[in-house]
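Here the structure comes first, spelled out in structure tokens, and everything after it is commentary.
The values are calculated or read from the model by the stated rules, or taken from the named source; none is laboratory data. Please read these numbers as outputs of a predicted model, since none were measured by experiment. When we count neighbours, we look across all protein chains shown, and the Cβ atoms used for this are built from the backbone with ideal geometry, even at glycine.
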Amino acid sequence: LINRAAVNELAAGVRTLAGEADLEVRGGRAGFPEALYAQLARLPGVAVASPVLDVEAGIAEAEIAEGGIAGSGRTIRLIGIDALRAGLIQPALFADEPQRRLELLKPDTVFLSSNAFEVLKKEKNQKLKVISGLKTVDLEIAGVLPASSLRGIAALTDISTAQWRLERLGELNRIDLRLEPGAGREAMRGKIAALLPPG
């Protein structure tokens, strides 16, 4: 028991340093109602719950022509987070530039991953045009994230911007969880599973 507890605490410490959640709740493509986030955040044993809406969004044709993207590069992962919560689980997102957290709270603002920056060739204060349903949405590029904090062709935005602009109000598709010290990971997994909707 002592050995298992020590190994679990060491593993939790490694996940914290790496900026990984102890547990993740993931929904299907349609996601799940954001009311589940409030339930999990209040669950005994959960130290931090961070809501996420992670959606593959189309890039407008003008952006593709300008950036020279072809074929499978016609989409970008738009990741909506609560900057204040996410920073507690993934400190690397804001460690190099703490004011980024406040900039992210501005409506229609995105930070590009370094890969997206290289492919799209977009600078700070330029517009990123993404397709949402039948309309095109303009998002302002506020900067570029370090390569270590976000990989792939992706952009980080505030969760309310992602929900509003992608017409996914009241929806999430991921919740990252940091557990309290001493909370058993497997025991917490069982408690959480009991609260989850089908799928």
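Side notes on the structure shown:
- Test: residue in region 116-126 that is among the charged types (D, E, K, R) and touching a helix residue (DSSP H, G or I) at 6+ places or on another chain (Cβ under 6 Å): yes
- Filtered residues of region 111-145 (kept if surrounded by 14 or more Cβ atoms within 10 Å (Cβ to Cβ) and at positive phi): Gly143
- Candidates Ala162, Ala183, Ala147, filtered to the one that is over 15 Å from the mean Cα position of the chain (by Cα) and more than 19 Å from Leu23 (Cα to Cα): Ala147
- When residues in region 45-68 are screened for being exposed (fewer than 13 other Cβ atoms within 10 Å of the Cβ) and at pLDDT 95 or above, 0 of them pass.
- Looking at region 73-132, the strands (runs of 3 or more DSSP E) lying wholly inside it that each contain 2 or more residues that are more than 16 Å from the chain's Cα centre (by Cα) and at pLDDT 90 or above sit at 127-132.
- Complete set of residues in region 148-157 that are surrounded by fewer than 22 Cβ atoms within 10 Å (Cβ to Cβ) and part of a strand (DSSP E or B): Ala154
- Filter result (of a type in the set (D, E, K, R), closer than 19 Å to Pro33 by Cβ and surrounded by 15 or more Cβ atoms within 10 Å (Cβ to Cβ)) within region 166-190: Arg168, Glu171, Arg174, Asp176
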